[in-house]
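Novice: Dropping a structure here in structure tokens format, bear with me for questions.
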2 protein chains.
Amino acid sequence: MEASFEGLKQELKKRDINLSYQRLKVLEYLTLNRCHPTVDQIFTNLHRDIPTLSKTTVYNTLRILQEAGLIKVVTIEDNETRYDIDVEDHGHFKCKLCGKIYDFHTDMSSLTFDDLSNFRIDSKDVYFKGICPGCLSNIKENKRRG
Amino acid sequence: MEASFEGLKQELKKRDINLSYQRLKVLEYLTLNRCHPTVDQIFTNLHRDIPTLSKTTVYNTLRILQEAGLIKVVTIEDNETRYDIDVEDHGHFKCKLCGKIYDFHTDMSSLTFDDLSNFRIDSKDVYFKGICPGCLSNIKENKRRG
DNA sequence: ATTCTATTTTGTAATCATTACAGATATATA
DNA sequence: TATATATCTGTAATGATTACAAAATAGAAT
């Protein structure tokens, strides 16, 4: 687990971001928890290991990592900003019932759209919403039982 | 302008939403201002005509209209919830420089993605970010002038 | 038109996420 | 080790949104 630390350090150095214990820990958390955590989740979990950790530091770190292109912000819902270590193009599906966010692979280049040739497109995000298989089967189960 | 009121009333009645002056005005504002306004923009503008209007009412109304499927929430940015009267599938492009949000037509059905056949997909959103033509030419202009 | 009931609106207070800021701490360099 | 710089921390401030109760309004019944 601590082994990947070296790799993360390289990533930060490559981008001229000074390494600090807090920054490495945030990055490590995102690497190990690919569930698109919120700031609060990150803070609460890291706080167990680092009792002096401040939420401000988590915010600052996430901003720096995002500006460096190491992480992506997921704004699929308006009341909860989430963070994703996977910066490759992919889609996000949010289940309305359990709230879980699922990754799915999509080929963004397959998407046809109006002529935007005079626009400089830097990023593309695809967000789906609906109900996941687990919650769907729960619904069916409840119906059967009445 | 007031002529479209009748049409909007029908829309509300069809969905069992009681009509009130405030609700009609919010809906009318969104119909006439298709720039994906924020709550604050809607409130500030309507407040000129309706001095007693409360921001809470704007929030309540937007929630009701959204639940009825009459409007869509645009969460392309994490710090500003925006509202769109156009509920048909289409993409949103946000310019990083001027902040303006542009609509563009896309064919969502052209997008290829992983097997989600066990998921119930209710909505699809496509968000692009980058720089719009106007801001791009401003950049060029500034460079030329040094 | 008047009364009654249910719904909606309003305004304030509470909540929650995020940012600003300044002092304390840690890091890198000489 | 001393010094300068960058980072972290904790509190306070901000801004968006929600909760809530009283006031106002709309629609139905008389």
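Novice: Using a Gaussian network model of chain B whose springs link C-alpha atoms within less than 10 Å, name the residue from B:TYR102, B:TYR21, B:TYR83 with the highest mean-square fluctuation.
Specialist: B:TYR21
Novice: Using only alpha-carbon positions, what ratio does the radius of gyration of the protein assembly as shown give when scaled by 2.2 N^0.38 Å?
Specialist: Dividing the Cα radius of gyration by 2.2 N^0.38 Å gives 1.16.
Novice: Could you tell me which residue out of B:PHE104, B:HIS47, B:TYR21 lies farthest along the dipole of chain B toward its positive end? Charges go on the beta carbon: Lys and Arg +1, Asp and Glu -1, centred on the Cα centre.
Specialist: Working it through, the farthest residue towards the positive pole turns out to be B:HIS47.
Novice: Rounded to the nearest 20 Debye, what is the dipole magnitude of the range A:61-144 about its Cα centre when Lys and Arg each give +1 and Asp and Glu each give -1 at the C-beta?
Specialist: Here the size comes out at about 640 debye.
Novice: Send over a whole-number figure in Å² for the accessible area per residue of chain A, probe 1.4 Å.
Specialist: Values: 8130 Å² over 146 residues.
Here the per-residue accessible area is 56 Å².
Novice: Using Cα pairs closer than 8 Å and at least 6 residues apart in sequence, work out the relative contact order for chain A, in percent.
Specialist: Worked out over chain A, it gives 17 percent.
Novice: For peptide B:102-109, what's the mean number of Cβ atoms from other chains within 10 Å of each residue's Cβ? Please report the intermediate quantities before stating the final value.
Specialist: Working: counts 3, 1, 5, 4, 5, 4, 5, 2.
Shielding by partners across B:102-109 averages 4.
Novice: Give me the dipole magnitude in Debye, nearest 20, for chain A about the Cα centre, with unit charges on the beta carbon: positive for Lys and Arg, negative for Asp and Glu. All intermediate terms of the calculation are to be shown ahead of the outcome.
Specialist: Values: 22 positive and 22 negative charges, 140 e Å.
The calculated dipole for chain A is roughly 680 debye.
Novice: Sticking with this one: At a 1.4 Å probe, what is the % contribution of carbon and sulfur to the accessible area of the protein assembly as shown? Spell out each step's value before the answer.
Specialist: Numbers: 7590 of 16270 Å².
In the protein assembly as shown, the share of accessible area belonging to carbon and sulfur is 47 percent.
Novice: I want the antiparallel fraction of DSSP beta bridges within chain B, as a percent rounded to 5. Provide the component values of the computation, followed by the final result.
Specialist: Numbers: 8 of 12 bridges.
About 65 percent, rounded to the nearest 5.
Novice: Now for a different question. What residues have an amide H closer than 5 Å to that of B:LEU97, excluding those fewer than 5 places away on the same chain, when H is modeled at 1.01 Å from N in the peptide plane?
Specialist: B:CYS132
Novice: Let me ask another. Under the rule of at least 5 residues apart or a separate chain, name every residue whose amide H is placed under 5 Å from the amide H of B:PHE128.
Specialist: A:ASP125, B:HIS92, B:PHE93, B:LYS94
Novice: Could you pull out the pairs from A:LYS100/A:LYS124; A:LYS72/B:LYS14; A:LYS100/A:LYS140; A:LYS14/B:LYS72; A:LYS140/B:LYS129 whose alpha carbons sit more than 29 Å apart here?
Specialist: Numbers: A:LYS100/A:LYS124 21 Å; A:LYS72/B:LYS14 41 Å; A:LYS100/A:LYS140 19 Å; A:LYS14/B:LYS72 41 Å; A:LYS140/B:LYS129 40 Å.
Violating the 29 Å Cα-Cα cut-off are A:LYS72/B:LYS14; A:LYS14/B:LYS72; A:LYS140/B:LYS129.
Novice: Ignoring ligands, DNA and RNA and using a 1.4 Å probe, state the total buried accessible area between A and B in Å², rounded to the nearest 100.
Specialist: Numbers: alone 9760 and 9770 Å², together 16270 Å².
Interface between A and B: roughly 3300 Å².
Novice: So, one more: Any chance you could give the angle, 0 to 90 degrees and rounded to 10, that helix B:39-49 forms with the longest Cα principal axis of chain B?
Specialist: Once rounded, one gets 50 degrees.
Novice: Shifting gears a bit: Treating only the Cα positions of the range B:88-146 as identical point scatterers, give the base-10 log of I(q)/I(0) from the Debye formula at each q in 0.22, 0.23, 0.24 Å⁻¹.
Specialist: Here the Debye-derived log intensity ratios amount to -0.91, -0.95, -0.99.
Novice: Turning to a different aspect of this structure: Quantify how much of the Cα-Cα distance distribution of chain B extends past 21 Å, in percent.
Specialist: Details: 5790 of 10585 pairs.
Counting pairs separated by more than 21 Å, the tail of P(r) holds 55 percent.
Novice: Compute the distance from the alpha-carbon center of the range A:40-103 to that of the range B:7-46, in whole Å.
Specialist: So the two Cα centres are separated by 34 Å.
Novice: Shifting gears a bit: Report, in deg cm²/dmol and to the nearest 500, the calculated mean residue ellipticity at 222 nm for chain A, where each DSSP H run with n ≥ 4 adds -39500 (n - 2.57) and the sum is divided by the residue count.
Specialist: Working: 5 runs with 59 residues, N = 146.
Calculated at 222 nm, the ellipticity per residue is -12500 deg cm²/dmol.
The values are calculated or read from the model by the stated rules, or taken from the named source; none is laboratory data. Because the structure is predicted, anything quoted here is derived from the model rather than measured. In this analysis, Cβ positions are derived from the backbone assuming ideal geometry, glycine residues included, and neighbour counts consider all displayed protein chains. Note: accessible area is taken over every heavy atom of the protein model, side chains too, but ligands, DNA and RNA are not part of it. Shrake-Rupley method; radii C 1.70, N 1.55, O 1.52, S 1.80 Å.
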